[in-house]
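A.B. asks: Sharing a structure with you now.
The values are calculated or read from the model by the stated rules, or taken from the named source; none is laboratory data. Here the structure is a predicted model, which is why all the values come from computation and not from measurement. Glycine gets a Cβ as well: all are built from the backbone with ideal geometry, and neighbour counts include every protein chain shown.
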C-alpha cells in the first residue's frame, strides 16, 4: 500500500503573497489544519493553524480585536510560513510516510511528484489506513500471540483459525519488543465459527495468547 492510495488529492493551497486572514478563513471553511504554499503548483512552504496561533499572541498583547484582524489581513503568508518542508512522493509505502510523520513530529506531508504538489497526507490519513488495514470496522475476533520466527509458523496459526471455520480478515506481525527467535502476530478473523473451540486450541498450543471476541 502506497501514499497514492491514502493521500488527499484535493489540496487547498495559498500563495506566498496571500494574506494570513485568507488562510484562517480557508482553515475554518475546509476543516483543515495545514495549508501548502505554492506558486504555479510548486511547493514554496507550508503554514498551519499552529503557526498562526504562535504568530498571533506575540502581536495580540497590545492590539484589540479589530486591530488584530487588520494585522492578519496585512500580513503576508511568506512572513509566517515554514520554508523547510518535509515531503513525500506518491510511490512511497504508507508506513514510510507514517514513520516520517512520527520521527519528524509533524502533522502532514505534502505529496510531490516531478516538483509539483499532487496531494497531501496527514496523521488522520494514517489513522484511516490503520483502521482499514486492520479491518476493525468489520468486527471479528482479534487474536494476539507470540510465535516462533520460523518458516510456516504463521500458517500453523492460520490453519487453526480456518479449522474452526473462521476466515482471515487481516494479519499483522512485528519483531518489536519481543525476544530473539520469536515474533508477535495479530490476526483478525471474519465469519461465524466455533469461538470456544478456537480459543481452547490456541491457548492449549501457545503460551502467550490474548483473544478478544468480536
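A.B. asks: Quick one: would you say residue 117 is at pLDDT below 95, closer than 30 Å to residue 87 by Cα and not in a helix (DSSP H, G or I)? Write out each step before concluding.
C.D. replies: Values: at pLDDT below 95: yes; closer than 30 Å to residue 87 by Cα: yes; not in a helix (DSSP H, G or I): yes.
Criteria met by residue 117.
Residues are listed down the side, and each one gets a yes or a no for (1) part of a helix (DSSP H, G or I); (2) outside the structural domain of residue 72 (by TED's automatic domain parsing); (3) in contact (Cβ under 8 Å) with a residue 24 or more places away in the chain:
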site: 11; (1), (2), (3): no, no, yes
site: 16; (1), (2), (3): no, no, yes
site: 23; (1), (2), (3): yes, no, yes
site: 26; (1), (2), (3): yes, no, no
site: 29; (1), (2), (3): yes, no, no
site: 37; (1), (2), (3): no, no, yes
site: 44; (1), (2), (3): no, no, yes
site: 52; (1), (2), (3): yes, no, yes
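A.B. asks: For residue 126, indicate whether it is surrounded by 12 or more Cβ atoms within 10 Å (Cβ to Cβ) and assigned to a helix (DSSP H, G or I). Walk me through it before giving the result.
C.D. replies: Values: surrounded by 12 or more Cβ atoms within 10 Å (Cβ to Cβ): yes; assigned to a helix (DSSP H, G or I): yes.
Considered against the rule, which asks whether it is surrounded by 12 or more Cβ atoms within 10 Å (Cβ to Cβ) and assigned to a helix (DSSP H, G or I), residue 126 comes out as yes.
A.B. asks: Being within 20 Å of residue 92 (Cβ to Cβ), at pLDDT below 90 and surrounded by fewer than 18 Cβ atoms within 10 Å (Cβ to Cβ), is that true of even one residue in the stretch 4-25?
C.D. replies: Checked the stretch 4-25: no residue is within 20 Å of residue 92 (Cβ to Cβ), at pLDDT below 90 and surrounded by fewer than 18 Cβ atoms within 10 Å (Cβ to Cβ).
A.B. asks: Give 123, 132 a once-over and let me know the one that is within 25 Å of residue 4 (Cβ to Cβ) and either touching a residue at least 60 places away in the same chain (Cβ under 8 Å) or in contact with a strand residue (DSSP E or B) (Cβ under 8 Å, 6 or more places away or on another chain) (or both).
C.D. replies: 123
A.B. asks: Which condition from (1) in contact (Cβ under 8 Å) with a residue 12 or more places away in the chain; (2) surrounded by 13 or more Cβ atoms within 10 Å (Cβ to Cβ) is the one that residue 203 breaks?
C.D. replies: (1)
A.B. asks: What's the number of the condition residue 163 fails, among (1) modelled with pLDDT of 95 or more; (2) under 22 Å from residue 1 (Cβ atoms)?
C.D. replies: With (1) modelled with pLDDT of 95 or more; (2) under 22 Å from residue 1 (Cβ atoms) applied to residue 163, the lone miss is (2).
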